[in-house]
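Colleague: One structure, as structure tokens, below. Some questions next.
The values are calculated or read from the model by the stated rules, or taken from the named source; none is laboratory data. Given the structure is predicted, the values throughout are model-derived calculations rather than measurements. Don't worry about glycine lacking a Cβ; one is built from the backbone with ideal geometry, like all the others, and counts go over all protein chains shown.
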Amino acid sequence: MRRTFAVLAALCVSVFVVGTAEFLAAGLLPRIGSDLGVSVAVAGQVVTAYALGTVVAGPLVAVATVRLPRKGLMLALMAVFAAGSVVSALAPSYPVLLAGRVVSSVGHATFFALTLIAATTVAGPGRAGSAIAAVTSGLTVANLLGVPLGSALGQQLGWRFPFAVLAALALACLALLAFALPRVPAQPTSVTTELSVLARRPVLVSVATTAVGFAGVGAVFTYLAPTLTEVSGFTPAMVSWLLLAYGVGSLLGNLVAGRLADRSVGATLRGVFACLTALLAVLPLAVVHKPAAAAAVLGLGLLATATVAPLQSLILRRAGAAPTLAVTVNVAAFMLAHAVGSVIGAGVVTAAGLRWTGLAGAVLSAAGLLLSCLAVPRRAAATRRPEHPAPSPTLRKIHD
């Protein structure tokens, strides 16, 4: 049990560090632009480059490394992330910074997928949802504390300093993973098997559920801060507190959904999407009243990340013994969903104003609800026993 906790803790901390890198640059754009002689809009492409690197490179890395031992691969990907952070911290020009961000992003999706697979295997059958929630809580804490703290450090000590800190933390995680993770051989699979698993209809529907359903959150959250100031009338200081409440809600929602997913992935997924759809549908009415807007922000926080554990559990269930590529693609689908949702939200803001982004989010979440019903039909969920990836002998010994 202690070894299991040590493995989960190491994975959680590593996800925190990698997750912080995802949006860290967003709070440093003015300083980056000023120092490197580019506009804020151009500087913002370092965020886009990281996202695109994750979405594009993730599946390619997963396929290329399918036969490598898992522990060695995770250590190598963390080392690549650290190297990219060093390049970013020392970048003498904008193109070099862009290259550093791309290097950091290359292993993001595959590393994240491997942490989820390792966590669920160590936790054992019947605890996949809780294990995923434990590891992904590192991501919610990254958004809650890592990104704001990194931005604050960047404002005080220069934009390069947070990237240097990330590099140091990545090296610390490298040592932590080397100590905590057992040696696990590569799964007895192949590129062909991984691709055939990804091509299965249940897996594709599950990935589509992620890409479509989570886009509803992206459509709203991207413009949440200006909505709260310009529509609800909150001061910027109060908005910061509300976003903190959102982050706390995200952490709690993720952990609760993980436990519920252990009991029933399908029911949890449908329940979360149904509640999320209803909340987003009434958001245009709520944001014009401060008490209702504050309650809506907390509710959105509780529900937004509550989709993560059941969706990842569903992919692991559908992928069976060859989950790496499928989980990696699903991780990339979360990022793609946020990007697509942001674009859709921008269209709504341009056409109708900040108040109405919730309607677009509700439509996307409702589509996610419908897809979740296809991904886990109630009749099938009631008649079939849950599937769990079989632990490797090494990890089974740890669990026992």
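Colleague: Can you pull out every residue in segment 368-385 that is modelled with pLDDT of 90 or more and surrounded by 19 or more Cβ atoms within 10 Å (Cβ to Cβ)? Step through it out loud before you land on a result.
Modeller: Taking segment 368-385 as the starting set, the residues that turn out to be modelled with pLDDT of 90 or more are 368-374.
Answer for segment 368-385, where residues must be modelled with pLDDT of 90 or more and surrounded by 19 or more Cβ atoms within 10 Å (Cβ to Cβ): G368, L369, L371, S372.
Colleague: I'd like the full set of residues that are surrounded by 18 or more Cβ atoms within 10 Å (Cβ to Cβ) and in contact with a helix residue (DSSP H, G or I) (Cβ under 6 Å, 6 or more places away or on another chain), limited to segment 177-201.
Modeller: L177, A180, L181, V184, E194, V197, L198
Colleague: In segment 260-296, what residues are farther than 18 Å from G129 by Cα and either within 22 Å of the chain's Cα centre (by Cα) or assigned by TED's automatic domain parsing to the domain that holds N143 (or both)? So that I can check it myself, show each step before the final result.
Modeller: Of segment 260-296, the ones farther than 18 Å from G129 by Cα are 274-296.
Listed by number, the residues that qualify are A274, C275, L276, T277, L279, L280, A296.
Colleague: Can you tell me which residue is nearest to A131 (Cα to Cα) among those in segment 231-254 that are in a helix (DSSP H, G or I) and among the small types (G, A, S)? Working first, answer last.
Modeller: Just the residues of segment 231-254 that are in a helix (DSSP H, G or I), to begin with: 236-254.
Now drop any that are not among the small types (G, A, S), which leaves 237, 240, 245, 247, 249-250, 253.
Details: A237: 35, S240: 30, A245: 24, G247: 20, G249: 19, S250: 16, G253: 14 Å.
The qualifying residue nearest to A131 (Cα to Cα) is G253.
Colleague: If you don't mind, there's one more thing I want to ask. Determine whether A10 is among the small types (G, A, S) and at pLDDT 90 or above.
Modeller: On the way: among the small types (G, A, S): yes; at pLDDT 90 or above: yes.
When the stated conditions are applied, A10 passes them.
Colleague: Based on what the data block shows, is F5 part of a helix (DSSP H, G or I), of a type in the set (F, W, Y) and more than 30 Å from L195 (Cα to Cα)?
Modeller: Judged against the criteria, F5 is a match.
Colleague: If you don't mind, there's one more thing I want to ask. Give the residue, chosen from L302, L325, L316, that is in contact with a Gly (Cβ under 7 Å, 6 or more places away or on another chain) and either among the aliphatic types (A, V, I, L, M) or assigned by TED's automatic domain parsing to the domain that holds A62 (or both).
Modeller: Values: L325 fails: in contact with a Gly (Cβ under 7 Å, 6 or more places away or on another chain); L316 fails: in contact with a Gly (Cβ under 7 Å, 6 or more places away or on another chain).
So the residue among L302, L325, L316 that is in contact with a Gly (Cβ under 7 Å, 6 or more places away or on another chain) and either among the aliphatic types (A, V, I, L, M) or assigned by TED's automatic domain parsing to the domain that holds A62 (or both) is L302.
Colleague: Answer with yes or no whether A257 is surrounded by fewer than 20 Cβ atoms within 10 Å (Cβ to Cβ), assigned to a helix (DSSP H, G or I), among the small types (G, A, S) and not assigned by TED's automatic domain parsing to the domain that holds A152. Working first, answer last.
Modeller: Working: surrounded by fewer than 20 Cβ atoms within 10 Å (Cβ to Cβ): no; assigned to a helix (DSSP H, G or I): yes; among the small types (G, A, S): yes; not assigned by TED's automatic domain parsing to the domain that holds A152: yes.
Criteria not met by A257.
Matching residues to (1) in contact with a strand residue (DSSP E or B) (Cβ under 7 Å, 6 or more places away or on another chain); (2) aliphatic (A, V, I, L, M); (3) modelled with pLDDT of 90 or more:
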| position | (1), (2), (3) |
| --- | --- |
| F163 | no, no, yes |
| A167 | no, yes, yes |
| L171 | no, yes, yes |
| L176 | no, yes, yes |
| L181 | no, yes, no |
| P185 | no, no, no |
| S190 | no, no, no |
| T193 | no, no, no |
| P202 | no, no, no |
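Colleague: I would also like to ask the following. I'm checking my understanding of the structure. Among residues of segment 92-106 that are touching a Leu at 6+ places or on another chain (Cβ under 9 Å) and touching a residue at least 12 places away in the same chain (Cβ under 8 Å), which one is farthest from G33 (Cα to Cα)?
Modeller: At the first step, the residues of segment 92-106 found to be touching a Leu at 6+ places or on another chain (Cβ under 9 Å) are 92-94, 96-97, 100, 102, 104-106.
Adding the requirement that they be touching a residue at least 12 places away in the same chain (Cβ under 8 Å) leaves 93-94, 97, 100, 102, 104-106.
On the way: S93: 10, Y94: 9, L97: 11, G100: 16, V102: 18, S104: 20, S105: 21, V106: 24 Å.
If we take residues in segment 92-106 being touching a Leu at 6+ places or on another chain (Cβ under 9 Å) and touching a residue at least 12 places away in the same chain (Cβ under 8 Å), then V106 is farthest from G33 (Cα to Cα).
Colleague: Could you tell me which residue of segment 13-26 is surrounded by the most Cβ atoms within 10 Å (Cβ to Cβ), considering only residues that are at pLDDT 90 or above and touching a Ser or Thr at 6+ places or on another chain (Cβ under 8 Å)? Can you show your working first?
Modeller: Residues of segment 13-26 that are at pLDDT 90 or above, as a first pass: 13-18.
Next, from what is left, pick out any that are touching a Ser or Thr at 6+ places or on another chain (Cβ under 8 Å): 14-15.
Details: S14: 29, V15: 25.
Of everything passing the filter in segment 13-26, S14 is surrounded by the most Cβ atoms within 10 Å (Cβ to Cβ).
Colleague: Of the residues in segment 219-230, how many are surrounded by 18 or more Cβ atoms within 10 Å (Cβ to Cβ) and either polar (S, T, N, Q) or part of a loop (DSSP other than H, G, I, E, B) (or both)? Reasoning before the result, please.
Modeller: Kept after step one, since they are surrounded by 18 or more Cβ atoms within 10 Å (Cβ to Cβ), are these residues of segment 219-230: 219-224, 227-228.
With the extra rule that they be either polar (S, T, N, Q) or part of a loop (DSSP other than H, G, I, E, B) (or both), the set shrinks to 222-223, 227.
Of the residues in that region, 3 qualify.
Colleague: Further, regarding this structure: Can you name every one of the helices (runs of 4 or more DSSP H) wholly within segment 110-216 that holds 1 or more residues which are out of contact with any Phe, Trp or Tyr (no Cβ under 6 Å at 6 or more places or on another chain) and polar (S, T, N, Q)?
Modeller: Numbers: elements: 128-141, 147-157, 160-180, 191-198, 201-213.
Counting at least 1 such residues, we get 128-141, 147-157, 191-198, 201-213.
Colleague: If you don't mind, there's one more thing I want to ask. List every residue pair whose Cβ atoms sit under 7 Å apart, with the two residues 6 or more apart in sequence or on different chains, where the first one lies in segment 334-352 and is among the aromatic types (F, W, Y) and the second, anywhere, is surrounded by 17 or more Cβ atoms within 10 Å (Cβ to Cβ).
Modeller: Final answer for the pair search is F334/T210; F334/F214.
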